[in-house]
Amino acid sequence: MESDESPLLFHDAHGRERQHPNSNSNDESVPEVRPSRNGFLVTICILFVELCERLTFYGVAANLIFYCKDVLNLASPLPSAIALAFQGTCFFTPVIGGWIADVKLGRYNAIFGSALLYTVGTIALTLATYQYPPGYAMSISSKEGFLAVSLILIAIGTGGIKANVSPMGADQVEHEGPEMVQKFFDWFYWFIQIGAILAYTVAAYIQQHISFFYGYLITAISMILATILLLVGRNHYIIPPPKGSYMVEAIKIIAGGVKKKLWGDTSLVQNHWLDGAKVTKGGDFPDDVVEGVKCVIRLMPIFLTFIIYWTLFGQGLTTYLLQGSYMNLKVKRNLLFPVASLSLFETATLLLLIPLMDRVIFPILSRLGVEFTPLRRIGVGMLFACSSVALAGIIEIERKHILKTDGAINQTVFNKTIDASPMSVFWQVPQYILQGTSEVLVSVTGLEFTYSQSPPELRGVVMGLNLAMIGLGYFLASALASIVKNASDGHWYPKNLNNGTLEYYMFLLAGLMLLNALVFLLLAVRYRYADHEYRAQEGSRVQLAVKKDASHSDKEED
């Protein structure tokens, strides 16, 4: 799930941001941050910046696999690999973007610099898709080069914005109290969804039925508008200075512990392998910080099981789209449904189930005496993910059966004629709904679990690790597609789905998810929940944090 909280923000026990102890800033040198008189206007600017950025991101990502497949003519599974690698990178860059903002540039400068890179990337992508006059046309290799540079710039840009724009928005209203902060994040989440809806309808439709140039032109204009909005409010934003980060200290503590472990330090025989870093044990770091790092290490086995989940989730960005393009897209006589727009059913599921589960289902279960803990929710969510990809495999079998018995229909998708099955693409809707349900139970609950189980001073590091698991899942999905294609001689992941057995790939993923869920179950049974002091003090702030971060999806997200 796409997270929109800075991965390297740190808060005290009451949720307030606190300065890193090793920061160059101190109380005498840090200028007082005063509320802006134009708080409402600058908040609106930030909300529209996020809307434009999400429209741009999803507009680029929605049909990226088809651009690689049908315009660049890349062999399968390279289009899927590129789309997944791009998505994976976009979940690593926020870790860097958050760190740069916290330690060096501050949030506004990090966001504005990222927006400039983002804009250049979208303009380059638009130029690569333009139909130049004869004699000036770009070669395929030139288009591939433009695509690579564009995606790198966009990944860097989205990382810097994703990590910092939501906390920067909260900075503008924090002086008005926690209720106003919560209202901001409610609106922030909805503006993300508006951006996603515009991308999956308007931009996706234009890319599929008119041209990629005009579709990507929309994303470039949207990002230019976002950059202008950032400039408009420049002199009115509340801009706290950089406050430092615990990430470097955490890395040093772990590195020191590993070194002593490898060297066989006998003083650690009766203690945890990180205890040697404590000041009381002759180390260089405060005991409470070391204890926090130990808590992070304890979370890692749980985190690692998220990788396979995100590997399956990545199918909604790739193989589900490919499968849909070989199904009947006709809505009316001359109107074809945009393949990427099926993601709207997942988004709708997310928007419906988050409040429904929070306000109805979970309270009812609690009154019935059913303790539906975060880890239990995540485990159930993994089963929903497994059922989504298994259902996709069944749909693929039926799609080819109907193709064989009823014959193919000629269907033009992205200016390419495909022998599609008469089976309606809307038979895919249940697998998207199942995937959306899994996202609520795994991704949103995972954010709550991460937030509640991490010590306040290292919460940003843990949130960053949570994002990294998403990125690793997408990278694994990219690698797995290539491995499966080579191992099956192209049959399990064919370029033409009518000539292969994609359903075997789907069932393989379902099997991996079942195995992963079993491992998760064994870990969850042994896990003992931490009860940090801040949990009793903050009350509903965990739910607020979930709203701040639920904006991953990817579709939120992100």
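When restricted to residues that are over 27 Å from residue 237 (Cβ atoms) and outside any helix (DSSP H, G or I), region 77-91 contains 1. Return the total of residues in region 158-216 being among the polar types (S, T, N, Q) and surrounded by fewer than 24 Cβ atoms within 10 Å (Cβ to Cβ). Within region 158-216, residues that are among the polar types (S, T, N, Q) and surrounded by fewer than 24 Cβ atoms within 10 Å (Cβ to Cβ) number 4.
In the condition set (1) outside any loop (DSSP other than H, G, I, E, B); (2) farther than 25 Å from residue 81 by Cα, residue 143 is compliant with all but (2). Condition test on residue 97, is it in a helix (DSSP H, G or I), at pLDDT below 90 and either among the aliphatic types (A, V, I, L, M) or under 19 Å from the mean Cα position of the chain (by Cα) (or both)? When the stated conditions are applied, residue 97 passes them. Of all the residues in region 320-342, those that are assigned to a helix (DSSP H, G or I) and touching a Leu at 6+ places or on another chain (Cβ under 7 Å) number 5.
Of the numbered criteria (1) modelled with pLDDT under 90; (2) over 25 Å from residue 444 (Cα atoms); (3) surrounded by 16 or more Cβ atoms within 10 Å (Cβ to Cβ); (4) in contact with a Gly (Cβ under 8 Å, 6 or more places away or on another chain), the one residue 138 fails is (4). In region 286-306 there is at least one residue matching the filter, namely being modelled with pLDDT of 75 or more, more than 25 Å from the chain's Cα centre (by Cα) and either assigned to a loop (DSSP other than H, G, I, E, B) or closer than 30 Å to residue 432 by Cβ (or both). Of the residues making up region 221-246, those that are of a type outside the set (D, E, K, R) and either assigned to a loop (DSSP other than H, G, I, E, B) or more than 21 Å from residue 195 (Cα to Cα) (or both) are 233, 235, 236, 237, 238, 239, 240, 241, 242, 244, 245, 246. Among the candidates 372, 345, the residue that is outside any helix (DSSP H, G or I), farther than 24 Å from residue 493 by Cβ and within 28 Å of the chain's Cα centre (by Cα) is uniquely 372.
Here is a list: 316, 276. Which entry is at pLDDT 75 or above and not in a strand (DSSP E or B)?
So the residue among 316, 276 that is at pLDDT 75 or above and not in a strand (DSSP E or B) is 316.
Got at least one residue in region 407-422 being surrounded by 20 or more Cβ atoms within 10 Å (Cβ to Cβ), touching an Asp or Glu at 6+ places or on another chain (Cβ under 9 Å) and in a helix (DSSP H, G or I)? No, the conditions are met nowhere in region 407-422. Residues that are out of contact with any helix residue (DSSP H, G or I) (no Cβ under 7 Å at 6 or more places or on another chain) and among the aliphatic types (A, V, I, L, M) within region 346-386 comprise 348, 352, 356, 360, 361, 364, 365, 368, 370, listed in sequence order.
Checking the condition modelled with pLDDT of 50 or more and acidic (Asp, Glu), which residue from 53, 28 passes? Write out each step before concluding.
On the way: 28 fails: modelled with pLDDT of 50 or more.
The match here is 53.
The values are calculated or read from the model by the stated rules, or taken from the named source; none is laboratory data. Quick caveat, the model's predicted, so the values are computed rather than measured. Neighbour counts run over all protein chains shown; Cβ positions are idealised from the backbone, glycine included.
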